[in-house]
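A.B. asks: First the structure, which I've put down as structure tokens, then a few questions once you've had a look.
The values are calculated or read from the model by the stated rules, or taken from the named source; none is laboratory data. On a predicted model such as this, the values are computed, not experimentally measured, just so you know. Every residue, glycine as well, gets a Cβ built from its backbone with ideal geometry; the counts of neighbours run over all protein chains shown.
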Amino acid sequence: MTTGELRTSVIAFCCENSALQAVEDARHFGMTMPECVQTIRVPCAGKVEEDHILKALESGAAGVVLFACHTENCQYLQGNVRAEKRLTRLRGLLDEIGYPADAVLYASAAPAEAARAARILRTFADDLASVDREEAIEQ
Amino acid sequence: MIVAERKAISDILQMIEGAGRVLVVGCGTCVTVCLAGGEKEVAVCASLLRLQNQGEDRDLTVAEATIERQCEWEFARELDELVPDCDAIVSLACGAGVQTLAAQFEDTPVFPGLNTQFIGIPEEQGVWTEHCLACGECVLDKTGGICPIARCAKTILNGPCGGSQDGKCEINPETDCAWQLIFDRLKRLGRLHMLEEIEPPKNWSHSSDGGPRKVKREDMIL
Ligand code: SF4
Ligand code: SF4
């Protein structure tokens, strides 16, 4: 895939214990989902590091979602807490370089919440599309 | 360990202005442990530099490398093949690491990507505190293993001062009074009598006041 193709895409790092199932079900049941979402299965959202997300943006993704379990539902106890904190820090880093911080999103969904996962991804993709990313980056 | 923090990306960008090929170098020792300059932080710093550059006209390539210890020649030399291909190095090591690279690669500008803070320990996950000022003449034997030089705001040797309140230092209610800690520790060890000895003024010439310091082991010199 070329950088140009990816620029319209959303990469969703999905915890395999929760959000991954929700996103897969949303697809399976034909819920309205943005076409541009690529899911990446991770053992826990807390395993996703800043550099993974930055690499995704560098490769041309318009936005990155870090999809975790709901509060106090993490199989590894603190994975989602760490993931959320890490994302907040990452937004600060993006701010530092003048890159739109809303290109990264932390979200949570339970395995059975396909509709919720689809809604989050739709809203995120719509928000990204409403901003001219290239222009926002250049500013 | 030596504890450091990354400089603002805007500061790093200013340093490397005009350079087209930049090598960001991490160090696998202290600054990896304090999460400032290890392999991951190198990846993050390099990504941020590249992403920042995406909207710019300038051609910028950013390469990444992390060596075991930047402050040792053997490891610094591992960069011999990479450095000729770059216009500038951003070192994510402590000041000693930066200077080792600067001495090793005389024709390439080497810039500090970190602010070296102190010699310290991890107080809890994600928090580091200063514990030693490298004063050159350690007094921990007299102070129950708690350093009054680094951990007392006034570096006093016969404390506490009048500002010690409820175990906290007058500079900040969150900072423990080092002399309260010393008192408590010596009491626990049954060695409170040690505080009856008046400690004479410290000879600061063993510290940085004596100029740049050098340690020699004659038997090791070839
Ligand atoms: S007394 Fe000096 S050498 Fe010992 S811990 Fe304190 S600053 Fe370091
Ligand atoms: S309050 Fe304690 S730590 Fe603070 S300056 Fe006084 S003796 Fe030192």
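A.B. asks: Just to be sure before I move on: is B:Cys132 touching a helix residue (DSSP H, G or I) at 6+ places or on another chain (Cβ under 6 Å), within 16 Å of ligand 2 (Cβ to nearest atom) and under 24 Å from B:Glu68 (Cβ atoms) in the structure I sent?
C.D. replies: So B:Cys132 fits the description; yes.
A.B. asks: Any chance the range B:107-125 includes a residue that's away from ligand 2 (no atom under 16 Å from the Cβ), within 14 Å of another protein chain (Cβ to nearest Cβ), free of Cβ contacts under 8 Å to residues at least 40 places away in the same chain and in a loop (DSSP other than H, G, I, E, B)?
C.D. replies: yes
A.B. asks: Which one of these does B:Gly28 not meet: (1) over 17 Å from the mean Cα position of the chain (by Cα); (2) farther than 19 Å from B:Gly126 by Cβ; (3) not polar (S, T, N, Q)?
C.D. replies: Status for B:Gly28: all satisfied but (1).
A.B. asks: Tell me, which residue of the range B:1-20 that is touching a strand residue (DSSP E or B) at 6+ places or on another chain (Cβ under 8 Å) and part of a helix (DSSP H, G or I) is surrounded by the fewest Cβ atoms within 10 Å (Cβ to Cβ)?
C.D. replies: Ranking the candidates gives B:Met15 first.
A.B. asks: Count, please, the residues in the range B:1-17 that happen to be without any contact (Cβ under 8 Å) to a residue 12 or more places away in the chain and either away from chain A (no Cβ under 14 Å) or more than 15 Å from B:Val42 (Cα to Cα) (or both). It would help to see each step written out before you state the result.
C.D. replies: Applying the first criterion (without any contact (Cβ under 8 Å) to a residue 12 or more places away in the chain) to the range B:1-17 yields B:8, B:10-11, B:14, B:17.
Filter once more, so that each one left must be either away from chain A (no Cβ under 14 Å) or more than 15 Å from B:Val42 (Cα to Cα) (or both): B:10-11, B:14, B:17.
So the answer is 4.
A.B. asks: Any idea which of B:Cys161, B:Cys152, B:Cys135, B:Cys147 is on the phi < 0 side of the Ramachandran plot, away from ligand 1 (no atom under 16 Å from the Cβ) and away from chain A (no Cβ under 14 Å)?
C.D. replies: Numbers: B:Cys152 fails: away from ligand 1 (no atom under 16 Å from the Cβ); B:Cys135 fails: away from ligand 1 (no atom under 16 Å from the Cβ); B:Cys147 fails: away from ligand 1 (no atom under 16 Å from the Cβ).
Step by step, each of B:Cys161, B:Cys152, B:Cys135, B:Cys147 is checked, and only B:Cys161 is on the phi < 0 side of the Ramachandran plot, away from ligand 1 (no atom under 16 Å from the Cβ) and away from chain A (no Cβ under 14 Å).
Condition check ((1) among the polar types (S, T, N, Q); (2) touching a helix residue (DSSP H, G or I) at 6+ places or on another chain (Cβ under 6 Å)) across all residues:
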{"position": "B:Asn172", "(1), (2)": "yes, no"}
{"position": "B:Cys177", "(1), (2)": "no, no"}
{"position": "B:Phe183", "(1), (2)": "no, no"}
{"position": "B:Leu189", "(1), (2)": "no, no"}
{"position": "B:Leu192", "(1), (2)": "no, yes"}
{"position": "B:Ile198", "(1), (2)": "no, no"}
{"position": "B:Lys214", "(1), (2)": "no, no"}
{"position": "B:Asp219", "(1), (2)": "no, no"}
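A.B. asks: How many residues, within the range B:46-74, are among the acidic types (Asp, Glu), outside any strand (DSSP E or B) and within 14 Å of another protein chain (Cβ to nearest Cβ)?
C.D. replies: 2
A.B. asks: Further, regarding this structure: For A:Thr88, only one of the following conditions fails: (1) surrounded by 15 or more Cβ atoms within 10 Å (Cβ to Cβ); (2) within 28 Å of B:Glu5 (Cβ to Cβ). What is its number?
C.D. replies: If we test A:Thr88 against (1) surrounded by 15 or more Cβ atoms within 10 Å (Cβ to Cβ); (2) within 28 Å of B:Glu5 (Cβ to Cβ), just (1) comes out false.
A.B. asks: Can you tell me which residue in the range B:164-205 is farthest from the chain's Cα centre (by Cα), limited to those that are within 16 Å of ligand 1 (Cβ to nearest atom) and either aromatic (Phe, Trp, Tyr) or not assigned by TED's automatic domain parsing to the domain that holds B:Glu137 (or both)?
C.D. replies: Filtering the range B:164-205 for residues that are within 16 Å of ligand 1 (Cβ to nearest atom) and either aromatic (Phe, Trp, Tyr) or not assigned by TED's automatic domain parsing to the domain that holds B:Glu137 (or both), the one farthest from the chain's Cα centre (by Cα) comes out as B:Trp179.
A.B. asks: I've got another one for you. Return yes when B:Ile149 is among the β-branched types (Val, Ile, Thr) and touching a Leu at 6+ places or on another chain (Cβ under 7 Å) and no when it is not.
C.D. replies: Judged against the criteria, B:Ile149 is a match.
A.B. asks: I'd like to check which helices (runs of 4 or more DSSP H) are fully inside the range A:65-139 and have at least 1 residues that are modelled with pLDDT of 95 or more, under 15 Å from the mean Cα position of the chain (by Cα) and within 14 Å of chain B (Cβ to nearest Cβ).
C.D. replies: Of the helices (runs of 4 or more DSSP H) lying wholly inside the range A:65-139, those with at least 1 residues that are modelled with pLDDT of 95 or more, under 15 Å from the mean Cα position of the chain (by Cα) and within 14 Å of chain B (Cβ to nearest Cβ) span A:79-96.
A.B. asks: Say we look at the range B:153-163 and pick out the residues that are surrounded by 12 or more Cβ atoms within 10 Å (Cβ to Cβ) and more than 17 Å from B:Glu137 (Cβ to Cβ); which of these is nearest to the chain's Cα centre (by Cα)?
C.D. replies: As a first pass, look at the range B:153-163 and keep what is surrounded by 12 or more Cβ atoms within 10 Å (Cβ to Cβ): B:153-161, B:163.
Applying the additional criterion that residues be more than 17 Å from B:Glu137 (Cβ to Cβ) yields B:153-154, B:159-161, B:163.
Working: B:Ala153: 19, B:Lys154: 21, B:Gly159: 27, B:Pro160: 27, B:Cys161: 28, B:Gly163: 29 Å.
Checked the range B:153-163; the qualifying residue nearest to the chain's Cα centre (by Cα) is B:Ala153.
A.B. asks: Tally up the residues in the range B:131-152 that are surrounded by 15 or more Cβ atoms within 10 Å (Cβ to Cβ) and not in a helix (DSSP H, G or I), please.
C.D. replies: Total satisfying the criteria: 10.
A.B. asks: Could you tell me whether any residue of the range A:42-54 is more than 17 Å from A:Glu84 (Cα to Cα) and surrounded by fewer than 21 Cβ atoms within 10 Å (Cβ to Cβ)?
C.D. replies: Scanning the range A:42-54, I find no residue that is more than 17 Å from A:Glu84 (Cα to Cα) and surrounded by fewer than 21 Cβ atoms within 10 Å (Cβ to Cβ), so the answer is no.
A.B. asks: Here's another thing I want to ask about it. Restricting the search to the range B:75-106, which residues are buried (at least 22 other Cβ atoms within 10 Å of the Cβ) and assigned to a loop (DSSP other than H, G, I, E, B)?
C.D. replies: Within the range B:75-106, B:Cys86, B:Ala93, B:Cys94 qualify.
A.B. asks: With the structure loaded, tell me whether B:Trp179 is aromatic (Phe, Trp, Tyr) and either exposed (fewer than 10 other Cβ atoms within 10 Å of the Cβ) or more than 13 Å from B:Ile146 (Cα to Cα) (or both) or whether it fails that test. Spell out how you get there, then give the answer.
C.D. replies: On the way: aromatic (Phe, Trp, Tyr): yes; either exposed (fewer than 10 other Cβ atoms within 10 Å of the Cβ) or more than 13 Å from B:Ile146 (Cα to Cα) (or both): no.
Considered against the rule, which asks whether it is aromatic (Phe, Trp, Tyr) and either exposed (fewer than 10 other Cβ atoms within 10 Å of the Cβ) or more than 13 Å from B:Ile146 (Cα to Cα) (or both), B:Trp179 comes out as no.
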